[in-house]
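Student: The structure's right below; bear with me while I get my questions together.
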C-alpha cells in the first residue's frame with residue numbers, strides 16, 4: 001500500500017507526505033530523523049489515505065500541495 005498523510009507539527013503547521021510504511025515514517029518524524037520536521041516535533045497524524053496504486057497516491061499528494069488542494073484540505077480533511 002501507498003499512503004498520503006497529513007501531520008500537524010508542534011508549531012501548528014501542516015506537513016503532507018508520502019510513504020509505503022506509515023507507522024515507521026511517523027516514528028522517524030518524531031525521532032527527528034527528517035530534516036524538514038526536526039525542529040517542530042512532536043508531530044501528530046491528523047489524516048491519511050491508503051492507495052493500492054503508487055501513481056494515484058503521488059498525484060493525490062501533489063494535489064494536496066496545490067492551491068485548490070490546500071482549500072480542499074482545509075475544508076474537508078483538517
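The values are calculated or read from the model by the stated rules, or taken from the named source; none is laboratory data. Just so you know, these numbers come straight off a predicted model, no measurement behind them. Heads up, the Cβs are rebuilt from the backbone with ideal geometry, glycines too, and the neighbour counts pull from every protein chain shown.
Student: Quick check on my filter: what residues within segment 58-72 are under 10 Å from residue 16 (Cβ atoms), assigned to a helix (DSSP H, G or I) and in contact (Cβ under 8 Å) with a residue 24 or more places away in the chain?
Tutor: Those that are under 10 Å from residue 16 (Cβ atoms), assigned to a helix (DSSP H, G or I) and in contact (Cβ under 8 Å) with a residue 24 or more places away in the chain: 60, 61, 64.
Student: Now for a different question. Which residues, counting only those in segment 53-72, are in contact with a strand residue (DSSP E or B) (Cβ under 7 Å, 6 or more places away or on another chain) and closer than 14 Å to residue 6 by Cα?
Tutor: Within segment 53-72, 57, 58, 60, 61, 64, 65 qualify.
Student: Here is a further query. In contact with a helix residue (DSSP H, G or I) (Cβ under 6 Å, 6 or more places away or on another chain) and surrounded by 13 or more Cβ atoms within 10 Å (Cβ to Cβ): does that describe residue 64?
Tutor: In short, yes.
Student: Report yes if residue 55 is exposed (fewer than 13 other Cβ atoms within 10 Å of the Cβ), outside any strand (DSSP E or B) and at pLDDT below 95, otherwise no.
Tutor: The answer is no for residue 55.
Student: While we're on this one: Restricting the search to segment 25-52, which residues are in contact with a strand residue (DSSP E or B) (Cβ under 7 Å, 6 or more places away or on another chain), assigned to a loop (DSSP other than H, G, I, E, B) and modelled with pLDDT of 95 or more?
Tutor: Listed by number, the list holds a single entry, 43.
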